[in-house]
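Input: a single structure, listed below in C-alpha cells.
Laboratory data are not the source of any read-out in this text; all were calculated from the coordinates shown. What you are looking at is a predicted structure, and each value in this text was computed from that prediction instead of being measured. FYI the Cβ positions are ideal-geometry reconstructions off the backbone, even for glycines, and counts take in every protein chain you see.
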Amino acid sequence: MKPVILDMDPGVDDALAILLALKSPELDVKAITVVSGNIRLDLCVRNVLTILEILGIEDAPIVSAGAERPFRREPVNVPSIHGCDGLGELDRFREADGSKRYPESKREASSRPAADVILDLVDNLAGNITIIATGPLTNIAQAIMKDSKTMRKVDSMVIMGGAFRTPGNITPVAEFNAYADPDALQIVLHSRINPLVIVGLDVTHKVRLYRHYLHEKVRSSGTKITQFVQDCTEFYMDFHKDNEGFDGCYLHDPLAVGVSIWPDLVETQDIHVQVETCGKLTVGMTLADFRPERSPLDKPNASICIGVDPDRFLRLFSERVLI
Ligand code: RIB
Ligand code: CA
C-alpha cells in the first residue's frame, strides 16, 4: 500500500476523489488536510467529516484544517458550482420521516494545523509518502516554507491544477486551483519536489461522468455510497449542463487520485512550468515552455499530463466507487 496525504477543498469532485482514495486498496490514506478553495475552510472540514461518516470509516485518517485564505490574494469561493455547503446542498435530501439524509457528523478534526500534520507525516515516514493535492496549494506551500528540506523527501506529489494547451475554467486562461492561490503554486514549482505530476484541464476535461450513466449505476447498485454520489453531484451536474454543454460533470480531482494509483492512465511530458502571479488578466495562468530546452533555467520542474485514457479511468472509478 502507498501511504498518501490528500490535501483538498471539498467540493464535490474532491468528495468523489476521497471516495476513490478510501475505497482503493492500493492507497493508505494517512491524513486528509483541508484548504479553503471551492468553499470556506470550515465548510470544507465539515464536508470531509460528513464523507467519512457516510463511508462509516472506523480507522479514519487524520483530518486537519489548514489555510483559511491564500497567501496573498482574496479567497475565491464558488458556491455557484459546488452549492452553498460545498457538497451540492445536501440538506435538501430527506428521509421519509423528514429527517436529514446526511446529518452533520459528530467526528472531529485534529487540533494540529495542516502544514504541521503534513511535515510530521513526511518526516515520520522518511519521505515514503505521496501527496495528492486537489485544491489551492496554500497548505503545501506553507509546509514548504516551514521546512523545504523535509518536503523535498516526499516520494511524489500529484496535483490537480493548471491548464497548458487548453483554456482555463475560472478565467479564459487560468484553472481555478492555480488562480485561487498562484503564489502557493509558484512555491511548489520552485520546491524541487520530484516527481511533481500536474493533472491539468488538458486531461481532466476529457474525463466526464454523465448523469444517465450515474443514474443507471444507482439503479443497479442502490448502495448508500452511490446514492450519496447521485445526491452530491446533482447540483454540480446542473452547473455543467448550463455552462459546460453536457449533462454530467468533470472528474477533475478523482483523476488526480487515479493517476497516483494507475500512472499509466496518462501520458506525461517533463517540462519547465511557471505560473503568472501578478497579471491583471492572466493571473493564475500556467505556462509550460514547449520550446526545446535552451538553458539550465529551463530545466523541467514538473511532469504535465498531455494525454489520458478516459474510458479506462471511468471504468476503474466505477468499479471502486459506483458499487
Ligand atoms: O479547476 C478544477 C479544480 O478546482 C477542482 O479541484 C475543483 O474541486 C476546484 O478545486
Ligand atoms: Ca478541488
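Applied to the range 274-290, the Karplus parametrisation 6.51 cos²θ - 1.76 cosθ + 1.60 on θ = phi - 60° returns per-residue 3J(HN,Hα) values of 10, 10, 6, 10, 10, x, 5, 9, 10, 4, x, 5, 9, 10, 9, 8, 6 Hz, with x for Gly and Pro. The stretch between Lys280 and Cys84 holds 67.8 nm of extra length on full extension. This uses 0.36 nm per residue minus the Cα-Cα distance.
If you wrap the tightest convex hull around every Cα atom of the range 1-77 and split its volume per residue, you get 80 Å³.
When exposed loop sites are taken as chymotrypsin sites (Phe, Trp or Tyr not before Pro) in a DSSP loop with at most 15 other Cβ atoms within 10 Å, the longest stretch of the chain clear of them is 1-245.
Residue pairs exceeding 24 angstrom between C-alpha atoms, taken from Lys2/Lys100; Lys217/Lys241; Lys206/Lys241; Lys149/Lys299; Lys30/Lys146; Lys23/Lys224: Lys2/Lys100. Neighbour counts of other Cβ atoms within 10 Å put His272, His215 in the fewest-to-most order His215, His272. Considering the zone a paramagnetic label at Asp247 would reach in this model (a point 7 Å from Cα along the Cα-to-Cβ line), which residues of the range 191-216 have amide N under 15 Å from it? Of the residues in the range 191-216, 209-216 have backbone N under 15 Å from the label point off Asp247. Working note: Cα atoms of the range 172-323, range along each principal axis, descending, whole Å: 56, 34, 22.
Taking the inverse of the mean reciprocal distance over all distinct Cα pairs, the Kirkwood hydrodynamic radius of the range 243-321 comes to 15.1 Å.
Here the simple spin-label model places points 7 Å from the Cα toward Cβ, and for Lys23 and Glu104 these points are separated by 2.7 nm. Across the range 224-269, the volume of the C-alpha convex hull divided among the residues equals 99 Å³ per residue. Modelled label positions at Arg165 and Asp97, each set 7 Å beyond Cα in the direction of Cβ, lie 5.7 nm from each other.
Since only Ile198, Ile271, Asn124 are under comparison, the one whose Cα sits farthest along the positive direction of the charge dipole of the chain, derived from C-beta charges on Lys, Arg, Asp and Glu, is Ile271. The calculated FRET efficiency for the pair Thr223 and Arg192, based on their C-beta separation and a Förster distance of 56 Å, comes to about 0.80. The distance separating the Cα centre of the range 268-282 from that of the range 58-89 comes to 24 Å.
Here, P(r) means the percent of Cα pairs in each 10 Å bin from 0 to the largest distance; for the chain it is 6, 29, 38, 21, 5, 1, 0. Loop sites by DSSP among the GluC sites (Glu not before Pro) of the chain, restricted to those with at most 14 other Cβ atoms within 10 angstrom, leave 109-292 as the longest stretch without any of them. Computing FRET efficiency as 1/(1 + (r/R0)^6) for Arg112 and Lys149, where r is the C-beta to C-beta distance and R0 is 22 Å, gives about 0.60. Here, the range 1-151 is characterised by an Rg to Rh ratio of 0.98, where Rg is the alpha-carbon radius of gyration and Rh the Kirkwood radius.
As an equivalent ellipsoid, the range 114-199 spans semi-axes of 24, 12, 10 angstrom, where each value is the square root of five times an eigenvalue of the C-alpha gyration tensor, largest first.
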